[in-house]
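Each remark here refers to the structure printed beneath this line.
The values are calculated or read from the model by the stated rules, or taken from the named source; none is laboratory data. Please read all numbers here as calculations on a predicted model, not as lab measurements. As a convention, Cβ positions derive from the backbone with ideal geometry for all residues, glycine included, and neighbour counts pool all protein chains shown.
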Amino acid sequence: MAKFGKWIGAGLGAFAGGPIGAIFGFVVGSAFDATSQTTAHGKPHQRRTTSGGYVASLLVLAAAVMKADGKVLKSELDYVKKFLVHNFGTASANEAVKMLRDILKQTIPIDDVSQQIAQNMNYSARLQLVHFLFGIAQADGNIDNTEKELIARICNRMGISSYDFESIQAMFIRNTDADYKILGLNASASNDEIKKAYRKMAMKYHPDKVSNLGEDFVKAAKEKFQKVNEAYENIKRERKMV
């Protein structure tokens, strides 16, 4: 196993066990067993999500969404690779894509995986995963109903509220009320309600919420945060709000 795979294996932390650990045990082989973080009693450390655990979760969920409509498209692989190149460099991205191809060959217990993520990852980090999954689904220019339904199922199992699911979905599926939906509102909301909702969303989606995962993931979170700001500015212009 090459350098990037070892980094994930060593950094799985709380994800070294359970369904995600089993999937990566298959992908990276014996080196995974040697590098997984364990306690003196041979059990995984239960602590906040590491970058390695986050990437492992991301690759597993990405594989599930890519397979949802029955076909894995080059545009989807390219989307994942572009994200990985931006955050880890070309060599690591190439290795990660090879790992993703191996994960795609496996049957993914999506409910168990999602529940493991819910138990070991903070809410803001989970929201960032959902944003990434919608990006994969839209990579071919269209979000298939089976992809949307699977992401909704993942959100439900990860403990993501329907309010937040609708907000992130509206960032990718635009309609006349998209800006309001991003803020979790409808068009009849008052100006005070809009200001309050914006402050709440800005706090929830702020990149600092995933700072424990490292600067690379803070950069990725800024895209989602920017969507919230854009929605608020659009509504302010439309209503001529001060």
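What the table below lists for this structure:
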read-out: Odd one out for R153 among (1) surrounded by fewer than 17 Cβ atoms within 10 Å (Cβ to Cβ); (2) in a loop (DSSP other than H, G, I, E, B); (3) not aromatic (F, W, Y); value: (2)
read-out: Contacts under 8 angstrom Cβ, first residue in the range 158-169 being charged (D, E, K, R), partner surrounded by 18 or more Cβ atoms within 10 Å (Cβ to Cβ), 6 or more apart; value: D164/L127; D164/V130; D164/C155; D164/G184; E166/K181; E166/G184
read-out: Residues that are in a loop (DSSP other than H, G, I, E, B) and among the polar types (S, T, N, Q), drawn from the range 167-212; value: N175, T176, N186, S188, S190
read-out: Those residues of the range 85-123 which are modelled with pLDDT under 90, part of a helix (DSSP H, G or I) and among the small types (G, A, S), in sequence order; value: A91, S92, A93, A96
read-out: One residue from S162, S167 being of a type outside the set (V, I, T) and loosely packed, with under 14 Cβ neighbours inside 10 Å; value: S162
read-out: All positions within the range 10-23 that are modelled with pLDDT under 85, in a helix (DSSP H, G or I) and under 19 Å from the mean Cα position of the chain (by Cα); value: G11, G13, A14
read-out: Cβ-Cβ under 8 Å pairs, at least 6 apart or on other chains, the range 210-225 side without any contact (Cβ under 8 Å) to a residue 60 or more places away in the chain, far side polar (S, T, N, Q) and assigned to a helix (DSSP H, G or I); value: V218/S211
read-out: Any chance Y205 is within 30 Å of V242 (Cα to Cα), surrounded by 21 or more Cβ atoms within 10 Å (Cβ to Cβ) and modelled with pLDDT of 90 or more; value: no
read-out: Residues within the range 84-106 that are crowded, with 18+ Cβ neighbours inside 10 Å and β-branched (V, I, T), tallied; value: 1
read-out: Residue in the range 175-202 that is surrounded by the fewest Cβ atoms within 10 Å (Cβ to Cβ), counting only those that are without any contact (Cβ under 8 Å) to a residue 40 or more places away in the chain and small (G, A, S); value: S188
read-out: Residues being touching a helix residue (DSSP H, G or I) at 6+ places or on another chain (Cβ under 9 Å) and either exposed (fewer than 14 other Cβ atoms within 10 Å of the Cβ) or of a type in the set (D, E) (or both) - total across the range 107-117; value: 2
read-out: Residue within the range 137-145 that is among the β-branched types (V, I, T) and part of a helix (DSSP H, G or I) present; value: no
read-out: Cβ pairs under 6 Å, 6+ apart, first in the range 49-78 and surrounded by fewer than 18 Cβ atoms within 10 Å (Cβ to Cβ), second among the acidic types (D, E); value: L73/D140; S75/D140
read-out: Lone unmet requirement of (1) at pLDDT below 85; (2) surrounded by fewer than 18 Cβ atoms within 10 Å (Cβ to Cβ); (3) part of a helix (DSSP H, G or I) for K81; value: (1)
